[in-house]
Every structure is written in C-alpha cells, then in structure tokens.
Amino acid sequence: MVALQLARLPGGPYACDVHLVEPRPAPGPGLAYSAARPEYLLNVRTQNLSAFPDEPAHFASWLREKQLPACEFCSRQTYGDYLRELTAGLLAAPAANGVRFFWHHQSAVGATVNADGLTATVRLANGREISSHRVVLALGNFPPPPPAGPATEYLAHPTYHPDPWAPGALQSIEAQDSILLIGSGLTAVDVLLGLRATGHQGPIKVVSRHGRWPMEHSRVHSHYPDFYADKLAGLTNIGAVVRVLREEVRLAAEQGVNWRAVLDSLRPHLGQIWAAWPEAEQARFLRHLASLWTTLRHRSPPQNARIIRDMLTTGQIRMSAGRVRQILPRSRYLAVQISRGPRTEWLTARHIITCTGPLLDYSRIADPLVRELRETGQLVSDSLRLGMVTDAHGALINARGEASTIFSTLGPSRRPAYFESTAVPELRQQAADLARYLGQGLF
Ligand SMILES: Cc1cc2nc3c(=O)[nH]c(=O)nc-3n(C[C@H](O)[C@H](O)[C@H](O)COP(=O)(O)OP(=O)(O)OC[C@H]3O[C@@H](n4cnc5c(N)ncnc54)[C@H](O)[C@@H]3O)c2cc1C
C-alpha cells in the first residue's frame, strides 16, 4: 500500500526507484491474503477494504469489474487477488509521476547504514545488495511465541504445530485425530473452519485464558455519531474511558442502536485514546482489558460464528478456560497442563496448534534482518513489548534516541503508537501518510 501511494504522489517526474523485497510467490497479498482456503473470510466489511482511504469504493468496484459476486465479508483469497493485481500494475510500467517499481523475489537478511549516513545497504538472501535512501520495514506479523516453558522438548514433537499459517502446517492431521488449540481468537476460528472444511471429525479442545470467542459482527451495519471530541478527548485513565463507553452504549441501546456501532464510531480515534494514557495506564489495559477488548473489536463474520456455534452444540469442540503451564510429549500424544486459580488439570491430544496470535516483542524476534537492526541499535523494541519505537511519522527511533532519516515502519510494528495497528482500514491510512512523508523528504 505504501508503494501504491508512492505511485500516486502528485508532481514529478521523479527519478526514483522503489524496490519491493518479498519472498512470497507474488508481492501484495502478504501473509493474511495468501490464504490457502476460500473458507477464510475477511473480518472487515467490503465497504471498508479499499486500498485507498480517499477512494472508499475502490475494492467494491473492483469486485464488480471482475464480475465477482458482491460479498459483505469476502474471502481473504479474493482480497489477495485484488492486492496482487494492484501490485502487478505497479511493476508493469513506471507510474505517471515517473517512480519505477522493481520486485526482488527474496528475503532481506540484513541492513546497515552506509558511511555517508544518508543511505543504507539492504542485503538479500541471494547475496544481492540494494543501496537506498529510505528503507520501509513493512514486515507484518511474526509467528506466535512458544506457549509454555521451561521444558521445550515439545517444540520438536511432530504433532506440535507452532504456526498454523506456516506452509504445509496442519497437513499431517487425520480426520479422527484429537486436537487441542491454544487460544480462542480469530486465528483459532479460522483453524476450526479449515478443519471442518477438510472433513475433520475428531474431538477438539480449545484452551484460552478467559474462555472467550470473538464477538460476532451484526448482520446489519448501523451508524452511530462520533462522540470522541465531546466525551473522550484527553481522558488519561482507563476507568474514565470505560465509564463513558458504558454510558454511551446504554444511551445507544435506548435508541435501538447496537453496542457495535458505538465502538465502531470510535475507530478513527482509538490511537488517540491509547496515546493519551501514560505508560502505566497502558500496561494496566494490557493486563486487565486487552483480551476482552480484542474480542469486542475484532469480530467474526456471522457465517463463521454460526459454524463455531454448531461445532460447540454437537460437542465436537469443548472450551476450557485456563493458562497453559507445561506441554510434555507422551509418545504419540502431547499432554498439556492447564491452571485456573489454584486448580490444575492435564489434557491430552494428538495434535496441539498454537493460535495465540503474533509475537510482537521485537527484542525476541529471531528474523535475521530484525536481529541485525536490533543489534546495531537501529531498531528498538518498546518497553511494553508491543512493537518498534518510532516517531510520529513511523521513523525508527534508534538506541541513541534519534529518529532515523532512513528506516521507517508501518503496520503491526506500530502498535506502541496506536495499539490498534493491524487491520486494513488503519494500515491503508498509515501507508498514505508514510508515502507523503517519504515524498516530502525525497522530492
Ligand atoms: C491470518 C490473518 C488474517 C487476517 N485477516 C484480516 C482481515 O480479515 N481484515 C483485516 O483488516 N486484517 C486482517 N489481518 C491483519 C493483517 O495484519 C493486515 O490486514 C495486513 O495484512 C498486514 O499487512 P502488512 O503488509 O503489514 O503485513 P503482511 O501482509 O503480512 O506482509 C508482510 C510481508 O513481509 C514479508 N517479510 C517479512 N520479513 C521479511 C524479510 N526479512 N524480507 C523480505 N520480506 C519479508 C513477508 O513475507 C510478508 O509477505 C489478518 C492477519 C492475519 C495474520
């Protein structure tokens, strides 16, 4: 999306080359939209998924142009086709403003600032080096961290699945095998839909700390007026924000408006609400409310929620609330120790799938590019371990506390700034802002 926005910068002609470094079979769809199954649906409505914030109908028009059926929650594969096509358009010919785009079908394995201090050299896995004035780290989501310790023998067990999105993951699961999922968020929902689509019939246990599923999107999208400026701007503690939200939900219900519309009306301001809290308050939110908030904010399409309800009703899925303490291999099986308060219990399953969401702690991410940037002090993880430390434009703040003129980032890595920095509506705006900022520095 940054590349698409660079191609649309006004003026030119600019003598500027943009190199996209992406090891996947095609640039554009990334992890989420390279989905292997049509059952995996977008959890955002079509009307909010245009790649361009100033052209909200762009994705819906593309669907019509392709004569694809209109869908409120389309498949992630379809969205991947949209992004792939837009990116292919960039690679086919220089943009109207003269910017040229090149794709390197490679991973970047390192990046160092050159002696001039104005450029960096990015090293690719095939040994090629690219020198550039600006380097945008649009790295997306990294696989979840191991769910239990200190014994880690289970990590090498053939039926432990550390990352459901890894190529070929879950293929060794037989139709009658017992399965235990750790986590009950949107990743777990997708894994369950995939298992059902492949005819899996074995028992499935789901363990999560609070035993909650994502809420369901309402069938009808309704609107609620924006009340941020009047009631929430500048509130510096969570208690006050929660009180306002509760009251607003009550007022909305009196007018027949669902709580979902109240929360959705705040979407453009969630970053400001988060940023107004001191760090201790942000930490309190992470400890006590983030998990509940995530189930309210990141919802399942109604058709997915219905399938999960069916699987619960038939007893194929059973949910246990608790914290995973240990995982031990027991010959062909894996045993999991769960604790809830003073009680502990052991559950056994043939397969364990970690569905706990991405690792956000950049002090632990082992990717070679991230490691080198961290070790050379270019990339610093924030103290709440949510992402990278950046300035207001997304420029990386280095270990000396200076904003980089070369490295910047967007997407999930910017959670320290916005907390909500995951879904397309937020990211496309970040992309437009970052492209404008890069353009100002270069042209
Ligand atoms: C399974 C899943 C489903 C999701 N569903 C939705 C949804 O329905 N709606 C929604 O709004 N959001 C959804 N999201 C959120 C998603 O994070 C964003 O919508 C968006 O895809 C993130 O884009 P990105 O470019 O930051 O990351 P990605 O699209 O993941 O792209 C990052 C890319 O960087 C590449 N990369 C990483 N490291 C290197 C390296 N060292 N060298 C070269 N390339 C590298 C990766 O190969 C990857 O393709 C989902 C996320 C996931 C994981």
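The values are calculated or read from the model by the stated rules, or taken from the named source; none is laboratory data. Everything quoted here is computed from the prediction, not taken from an experiment. Using ideal geometry, Cβ is built from the backbone for each residue, glycine included, and neighbour counts are taken over all protein chains shown.
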- For the range 175-201, name all the residues that are touching a strand residue (DSSP E or B) at 6+ places or on another chain (Cβ under 9 Å) and assigned to a loop (DSSP other than H, G, I, E, B). Asp177, Ser178, Gly183, Ser184, Gly185, His200
- So which residues in the range 1-36 are loosely packed, with under 15 Cβ neighbours inside 10 Å, farther than 21 Å from Thr409 by Cβ and within 11 Å of the ligand (Cβ to nearest atom)? Pro25, Ala36
- Item | Complete set of residues in the range 85-107 that are in a loop (DSSP other than H, G, I, E, B) and in contact (Cβ under 8 Å) with a residue 60 or more places away in the chain | Ala95, Ala96, Asn97, Gly98, Val99, His105, Gln106, Ser107
- Task: Only one of these is in the same structural domain as Ile406 (by TED's automatic domain parsing) and either in contact with a strand residue (DSSP E or B) (Cβ under 6 Å, 6 or more places away or on another chain) or touching a residue at least 24 places away in the same chain (Cβ under 8 Å) (or both): Leu124, Leu63, Leu68. Name it.
- Result: Leu124
- Message: Give all pairs with beta carbons closer than 7 Å in which a residue from the range 25-39 that is closer than 19 Å to Pro164 by Cα meets a residue that is among the aliphatic types (A, V, I, L, M) and within 10 Å of the ligand (Cβ to nearest atom); count only pairs at least 6 apart in sequence or on separate chains.
- Response: Pro29/Leu83; Tyr33/Leu83
- Query: Counting just the residues of the range 154-170 that are away from the ligand (no atom under 14 Å from the Cβ) and loosely packed, with under 12 Cβ neighbours inside 10 Å, which one comes out modelled with the lowest pLDDT?
  - Reply: Gly168
- Task: For Ile353, state whether it is within 16 Å of the ligand (Cβ to nearest atom) and under 30 Å from Ser172 (Cα atoms).
- Result: yes
- Query: So which of Ala188, Ala169 is over 18 Å from Ile307 (Cα atoms) and under 22 Å from the mean Cα position of the chain (by Cα)?
  - Reply: Ala169
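Residues are listed down the side, and each one gets a yes or a no for (1) surrounded by 16 or more Cβ atoms within 10 Å (Cβ to Cβ); (2) closer than 30 Å to Tyr333 by Cβ:
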position	(1), (2)
Gly199	no, yes
His210	no, yes
His223	no, no
Phe227	yes, no
Ala233	no, no
- With the condition kept exactly as written, say whether any residue in the range 142-153 is buried (at least 18 other Cβ atoms within 10 Å of the Cβ), in a strand (DSSP E or B) and not acidic (Asp, Glu). yes
- On the given criteria, is Ala403 surrounded by fewer than 21 Cβ atoms within 10 Å (Cβ to Cβ) and under 23 Å from the mean Cα position of the chain (by Cα)? no
- From Arg350, Arg340, residue being of a type in the set (D, E, K, R) and modelled with pLDDT of 95 or more: Arg350
- Where residues in the range 363-378 are free of Cβ contacts under 8 Å to residues at least 40 places away in the same chain and within 16 Å of the ligand (Cβ to nearest atom), which of them is nearest to Arg212 (Cα to Cα)? Ala366
- Item | Pro150 of a type outside the set (Ser, Thr, Tyr) and within 15 Å of the ligand (Cβ to nearest atom) | no
- Reported set for the range 385-395 where residues are away from the ligand (no atom under 15 Å from the Cβ) and buried (at least 18 other Cβ atoms within 10 Å of the Cβ) is Val389, Ala395
- Note on the structure: Selection from the range 59-84 of residues surrounded by 13 or more Cβ atoms within 10 Å (Cβ to Cβ), assigned to a helix (DSSP H, G or I) and out of contact with any helix residue (DSSP H, G or I) (no Cβ under 8 Å at 6 or more places or on another chain) yields Arg76, Gln77, Gly80, Asp81, Leu83, Arg84
